[in-house]
Amino acid sequence: MPDLTVKGFTRPVATFRLNAVKHDDQAAIQRMTRVGRNVAVDIPDARHIREAIEELRSIQVELEKQLPTGQGLGRE
């Protein structure tokens, strides 16, 4: 690419073409998937497992509220 002559600069400014951007973090990101008999859990970034566990707990509470009365999970 040709240099640019920019107003206010005494010399031309070199230009470059950027073909791709690669973050070092991209290589560290791992997708995590677990499939059970009745559910599948997909965590796009394994670095956020703790947050995913908290989300799953809130989903568990929501689902337990939908169970008929007296039908627990058998963990009591």
Output for region 1-43, where each listed residue is surrounded by 10 or more Cβ atoms within 10 Å (Cβ to Cβ), modelled with pLDDT of 90 or more and of a type in the set (D, E, K, R): Asp42
Please go through region 44-71 and give me each residue that is surrounded by 10 or more Cβ atoms within 10 Å (Cβ to Cβ) and either in contact with a Cys (Cβ under 8 Å, 6 or more places away or on another chain) or assigned to a loop (DSSP other than H, G, I, E, B) (or both), ordered by number. Pro44, Asp45, Leu67
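The values are calculated or read from the model by the stated rules, or taken from the named source; none is laboratory data. What you see is a predicted model, and the numbers here were worked out from it, not measured in a lab. Glycine also receives a Cβ, built like all others from the backbone with ideal geometry; neighbour counts cover every protein chain displayed.
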